[in-house]
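Quick notes on the structure that follows.
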Amino acid sequence: MTENFWLKKRILWVILLILLFIWGNSLLPAVDSKGLSSHVKDLINLLLGRIFGLGGMQGDGLVRKLAHALEFAALGTAVGIWLYGRIGRYFAY
């Protein structure tokens with residue numbers, strides 16, 4: 001088997017893991033999800049305060065929106081890499 005085959009197989013595993021991560025987070029009860037967002041918000045506030053001397057964020061809404069954006073950006077990147085490996089040779093110039 002070629003190295004290219006194993007690369008394609010690995011990226012499919014990465015896509016599956018990202019999907020499971022997104023799905024697992026969406027299955028969390030609202031209380032648990034809010035608690036997790038609150039912990040992340042506290043960590044961000046701590047880092048922003050120590051590094052930049054900025055005040056903290058008030059609500060969890062921004063953290064939740066950023067989390068969704070990052071999850072789906074990671075999924076889109078992984079799928080794009082997989083697609084490039086499958087059909088990228090047709091677009092080489």
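The values are calculated or read from the model by the stated rules, or taken from the named source; none is laboratory data. All figures in this text were calculated on a predicted structure; none of them were measured in a lab. Note: ideal-geometry Cβ built from the backbone for every residue, glycine included; neighbour counts use all protein chains shown. Surface accessibility is based on the protein's heavy atoms, side chains included, excluding ligands, DNA and RNA. Shrake-Rupley method; radii C 1.70, N 1.55, O 1.52, S 1.80 Å.
Taking the Cα centre of the chain as the origin and placing charges on Cβ (Lys, Arg +1; Asp, Glu -1), which of 13, 72, 52 is farthest toward the positive end of the dipole?
It is 13, whose Cα lies furthest towards the positive end.
Which percent of the accessible area of the chain is formed by carbon and sulfur heavy atoms (probe 1.4 angstrom)?
71 percent
Roughly how many Å is it from the Cα centre of the stretch 25-59 to that of the stretch 74-93, as a whole number?
34 Å
Find out how many positive minus negative residues lie around residue 56, taking Lys and Arg as positive, Asp and Glu as negative, among other residues whose Cβ is under 9 Å from that of residue 56.
Neighbour charge sum, excluding residue 56 itself: 0.
On a 0 to 90 degree scale, rounded to 10, what angle separates helix 61-87 from the longest Cα axis of the chain?
Around 10 degrees separate the two axes.
Based on the Kirkwood radius over alpha-carbon pairs, what is the Stokes-Einstein translational diffusion coefficient of the chain at 25 °C with 0.890 mPa s viscosity, in µm²/s?
So the translational diffusion coefficient is about 155 µm²/s.
Dipole magnitude of the chain about its Cα centre, charges +1 at Lys/Arg Cβ and -1 at Asp/Glu Cβ only, in debye to the nearest 20?
Using only the charged Cβ atoms, the result is roughly 280 debye.
For the chain, take the longest principal axis of its alpha carbons; what is the angle in degrees between that and the long axis of helix 30-47, to the nearest 10 within 0 to 90?
80 degrees
On a full-extension model of 0.36 nm per residue, what is the gain between residue 87 and residue 64, subtracting their alpha-carbon distance, rounded to one decimal in nm?
4.9 nm
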